[in-house]
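Step one of this worksheet: look at the structure below.
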Amino acid sequence: KYISDNENFSGISSRKISDELNIPYELLSKLLQRLVKQGIITSKQGKYGGYNMGISSDQLSILKIVHAVDESIQLTNCTFDEANEENCSRIDDCCIRTPFWNLQNKINQMFDQITLKELIN
């Protein structure tokens, strides 16, 4: 949100973000690297460098942000595609896996439909 709110500037430094939002610098740097890698934000080095949005806030889904900083939003270990008996010994005969799977899909769809701009407003 902070970078999106400051889109009109040439770039916001990670140190400024860290100081103003009271986020540990090392943690913030790792998160920013992940966001840059996914194209969500851009990074420019140098005196007039900093971070800017790579995707417009009205085009950026919350799901894309979540996937960039964390792998997924999972209700249980059995609701991802590669789930097996190591994740749950009852995976093949579980009566609640399908309802959780359906709920997981709805949550993912909801997060995919909400944009950063909608969340900010």
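The values are calculated or read from the model by the stated rules, or taken from the named source; none is laboratory data. As the structure is a computational prediction, the values presented were derived from the model and not from experiment. Using ideal geometry, Cβ is built from the backbone for each residue, glycine included, and neighbour counts are taken over all protein chains shown. Remember, those area values only see protein heavy atoms, side chains included, never the ligands or the DNA or RNA. Shrake-Rupley method; radii C 1.70, N 1.55, O 1.52, S 1.80 Å.
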task = Would you check if there is a residue in the stretch 91-98 being open to solvent by less than 80 Å² (accessible area, probe 1.4 Å) and outside any helix (DSSP H, G or I)?
result = yes
message = Regarding the stretch 20-30, can at least one residue be identified that is within 19 Å of GLU118 (Cβ to Cβ) and surrounded by 15 or more Cβ atoms within 10 Å (Cβ to Cβ)?
response = no
task = Could you tell me which numbered condition HIS67 fails, if it satisfies all but one of (1) open to solvent by 50 Å² or more (accessible area, probe 1.4 Å); (2) more than 23 Å from LYS30 (Cβ to Cβ); (3) outside any loop (DSSP other than H, G, I, E, B)?
result = (2)
request  = Scan the stretch 87-115 and report the pairs whose first residue is over 17 Å from SER72 (Cβ atoms) and among the charged types (D, E, K, R) and whose second residue is in a loop (DSSP other than H, G, I, E, B) and at pLDDT below 90, with Cβ atoms within less than 8 Å and a gap of 6+ or a chain change.
outcome  = ASP92/GLU85
query = Among the residues of the stretch 39-64, which ones are in a loop (DSSP other than H, G, I, E, B) and closer than 25 Å to GLN104 by Cβ?
reply = ILE40, ILE55, GLN59, LEU60
key: Selection count where residues are open to solvent by less than 60 Å² (accessible area, probe 1.4 Å) and within 14 Å of the chain's Cα centre (by Cα), scope the stretch 32-53   = 7
task = Only residues that are surrounded by 15 or more Cβ atoms within 10 Å (Cβ to Cβ), out of contact with any Asp or Glu (no Cβ under 7 Å at 6 or more places or on another chain) and not hydroxyl-bearing (Ser, Thr, Tyr): list them for the stretch 54-64, please.
result = GLY54, ILE55, LEU60, ILE62, LYS64
inquiry  = Can you tell me which of (1) in a helix (DSSP H, G or I); (2) of a type outside the set (Asp, Glu); (3) within 19 Å of ILE120 (Cα to Cα) is the one VAL36 doesn't meet?
reply    = (3)
